1. Inspect all residues belonging to region 130-150 and state whether any of them is within 22 Å of Gln203 (Cα to Cα) and assigned to a loop (DSSP other than H, G, I, E, B).
2. Within region 78-89, is there a residue that is modelled with pLDDT of 95 or more, closer than 30 Å to Phe155 by Cβ, within 16 Å of the ligand (Cβ to nearest atom) and among the hydroxyl-bearing types (Ser, Thr, Tyr)?
3. Tally up the residues in region 133-192 that are of a type in the set (Asp, Glu) and loosely packed, with under 14 Cβ neighbours inside 10 Å, please.
4. Of the numbered conditions (1) over 25 Å from Ala115 (Cβ atoms); (2) at pLDDT 95 or above; (3) within 16 Å of the ligand (Cβ to nearest atom), Leu191 satisfies every one except a single condition; which is it?
5. Being within 21 Å of Ile168 (Cβ to Cβ) and not in a loop (DSSP other than H, G, I, E, B) is the filter here; which residues of region 209-219 pass it?
6. Which residue is nearest to the chain's Cα centre (by Cα), if the candidates are limited to region 207-241 and must be near the ligand (Cβ under 10 Å from one of its atoms) and free of Cβ contacts under 8 Å to residues at least 40 places away in the same chain?
7. So, of the residues in region 56-77 that are of a type outside the set (A, V, I, L, M) and either within 18 Å of the chain's Cα centre (by Cα) or surrounded by 14 or more Cβ atoms within 10 Å (Cβ to Cβ) (or both), which turns out to be modelled with the lowest pLDDT?
8. Pairs only if they're at least six apart or on different chains, beta carbon under 8 angstrom, first in region 143-172 and of a type in the set (Gly, Ala, Ser), second more than 16 Å from the ligand (Cβ to nearest atom); list them, first residue then second.
Amino acid sequence: MTRRRIAAANWKMNTTPGEGAALATQLAEATFDSEMIVAVPATHLDRIGQVFKNQQNIKLAAQNVWYEPKGAYTGEISTAMLLDCGVSYVLVGHSERRQIFGEDSDLLVKKMNAAFEAGLDVIYCCGEPLDARDANQQQYYVNGQLTRELATLPFEYLDRLIIAYEPIWAIGTGRTASPEQAQEMHASIRLFLETTFGAVTAQKTPILYGGSVKPANAKMIFAQADVDGGLVGGASLQSDSFVEIANSFSS
Ligand code: 13P
């Protein structure tokens, strides 16, 4: 089975709407040979949805969603609002949402189910903190996240799931997991998928690596057997470096 090859950008809380529209336009005009997914701040969604409207290989992602369809949830954004802006994907479970905003497994499951039910695809993020890695407990830690948050996912949603493994100690630190460390964890995540959902789901679910991916290291990481692409923060804020990353898959 040929796997998808995905370069996903997470702009986090960077760029103004104007700067974001300019960056999105540069991406839309670029040439690359993978799927591109771009997660932008909520204030940019409507405008960049227009920029990506007729693009085959670039899809728009939101960085957050609320699980109720509407109502008294000040500051939150519904699935219908995202869909109306042209959003196809939503990030759920990013370590910054977990650590800074206290999102727990119960909330993540509700968000994922609401997103899938509305027709959005989900990029589900997992990954261990430094103390778990230092104690060599990283597989145990990530397996716990997957068991709590993915194991109960209805079967019908599985073909719209992308997993991003992002070791917290490698995010924004310049310290990347080695290609071997990434491969080891990706293989372990694929094994979880196989035991929980079967071999077909395990083979076709894209598993992305995130954490200080740069043009200089993307080729080595993407060359690993179980790495299907990257979720890129800092290096996605310049179109040339992100396009170079998107062109780092071996042919
Ligand atoms: P950096 O690429 O800046 O380390 O961020 C990774 C990340 O958190 C993407 O979601």
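The values are calculated or read from the model by the stated rules, or taken from the named source; none is laboratory data. In this text the structure is predicted, and so the values were computed from the model without any measurement. Note: ideal-geometry Cβ built from the backbone for every residue, glycine included; neighbour counts use all protein chains shown.
1. Checked region 130-150: at least one residue is within 22 Å of Gln203 (Cα to Cα) and assigned to a loop (DSSP other than H, G, I, E, B).
2. Keep residues of region 78-89 that are modelled with pLDDT of 95 or more, which gives 78-89.
After this cut, where a residue has to be closer than 30 Å to Phe155 by Cβ as well, the list is 78-89.
Those left that are additionally within 16 Å of the ligand (Cβ to nearest atom): 89.
Still in the running and among the hydroxyl-bearing types (Ser, Thr, Tyr): 89.
Taking every residue of region 78-89 in turn, at least one turns out to be modelled with pLDDT of 95 or more, closer than 30 Å to Phe155 by Cβ, within 16 Å of the ligand (Cβ to nearest atom) and among the hydroxyl-bearing types (Ser, Thr, Tyr).
3. Pass one, region 133-192, residues of a type in the set (Asp, Glu): 134, 149, 156, 159, 166, 180, 184.
Cutting the leftovers down to loosely packed, with under 14 Cβ neighbours inside 10 Å gives us 134, 156, 159, 180.
Looking only at that region, the number is 4.
4. Just one mismatch for Leu191, condition (3).
5. First pass over region 209-219, keeping only residues within 21 Å of Ile168 (Cβ to Cβ): 209-214, 217-218.
Answer for region 209-219, where residues must be within 21 Å of Ile168 (Cβ to Cβ) and not in a loop (DSSP other than H, G, I, E, B): Tyr209, Gly210, Asn217, Ala218.
6. The initial filter retains those residues of region 207-241 that are near the ligand (Cβ under 10 Å from one of its atoms), namely 208-214, 230-237.
Among the residues that remain, those that are also free of Cβ contacts under 8 Å to residues at least 40 places away in the same chain are: 213-214, 235.
On the way: Val213: 13, Lys214: 16, Ala235: 15 Å.
So, considering only residues that are near the ligand (Cβ under 10 Å from one of its atoms) and free of Cβ contacts under 8 Å to residues at least 40 places away in the same chain, the one nearest to the chain's Cα centre (by Cα) is Val213.
7. At the first step, the residues of region 56-77 found to be of a type outside the set (A, V, I, L, M) are 56-57, 59, 63-64, 66-71, 73-76.
Of the ones still in play, those that are also either within 18 Å of the chain's Cα centre (by Cα) or surrounded by 14 or more Cβ atoms within 10 Å (Cβ to Cβ) (or both) are 57, 59, 63-64, 66-67, 76.
Values: Asn57: 94, Lys59: 98, Gln63: 98, Asn64: 98, Trp66: 98, Tyr67: 98, Glu76: 98.
Going through the qualifying residues, I end up with Asn57.
8. Note: pairs meeting the criteria are Ala151/Thr196.
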